[in-house]
């Protein structure tokens, strides 16, 4: 009977390989979707036919401690081989690129694995690391291209105010932010390199959003922080090369450029990260309250203070209206602010307001009125 099993599987395997070889390989998305469909339908038919012919009562996945050297192990090994071959084809096509249809491929693969769970060969757990690797490689490539383009633009960038660039001072009405949306900082439009950098990172985020495993949250945050750190180094190199020839206006524009990078671009990207990886979802996976997620490090955020320290050497020190020592001293001052006794009585709202009696009235000094030098005669 073992020879019959092998003969059946060899014949079915040759037939299945001929069908898969006929699938066009020009477009990775078309190839993988047709391969998924063919494997799901025909492999399930082969499993059904094999069990109907040989009537094995044992599951495909053998329990621990059971002797694998039996006739049912032949079919078990063949199914594992077919699943492994499919996973290799899947990873190869995903690395070739399926565009913005990664979520569609993931859904079809999950349905394929679910259908095989009915015959004891659920492989959905093996799909997760494959899609994670593909998504992470695509994000790395996208943010590296964004950094390279930022470097090229800064090499030829000239600090020019937006009004001078447009040639007029006519204000252009800006679109109002829609409720529930995250509006990009419009101030970045004054600095094209920063605007292009943000657009390229947002495109990478949009591709990541299609298939966004929560396990990638710390890796994506670290990659984004690395990109911003490289951006700071590019800005510092620009400053070293051009600062000697800066005019007063160009120096002011450079400070505005750096301020827009630190106070608008970086916080906005942090908010985008929190939309991709919500803190509530991370807290649920970790089993901790959302308020304690920050204790586990930068799981889904960029360390803004680190970026500010890197760029702080070329920015002027911000002047505070009140030094901290004087501010602390002012907080300790009494609330009466040194009012006189009569002023305290007037400022005390708890005292009843009443007209003073004649005995309480203190006579004015004789020389108090009229003032000297002022005549009282008409």
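Key figures
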{"quantity": "Gain on full stretching of the segment that runs from residue 288 to residue 153 - 0.36 nm per residue minus C-alpha separation", "calculated": "44.2 nm"}
{"quantity": "Residue 203/residue 280 FRET efficiency (R0 22 Å; Cβ-Cβ; nearest 0.05)", "calculated": "0.25"}
{"quantity": "Full-extension gain in nm, residue 133 to residue 95, via 0.36 nm per residue minus C-alpha separation", "calculated": "12.8 nm"}
{"quantity": "Cβ crowding within 10 Å averaged over residues, with 226-234, 246-254 ranked highest first", "calculated": "226-234, 246-254"}
{"quantity": "Sorted by Cβ neighbour density within 10 Å, fewest at the top, the residues 44, 150", "calculated": "44, 150"}
{"quantity": "Gain on full stretching of the segment that runs from residue 141 to residue 3 - 0.36 nm per residue minus C-alpha separation", "calculated": "44.6 nm"}
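Each value in this text was obtained by applying a stated rule to the coordinates, not by laboratory testing. Source: prediction; values computed, not measured. In this analysis, Cβ positions are derived from the backbone assuming ideal geometry, glycine residues included, and neighbour counts consider all displayed protein chains.
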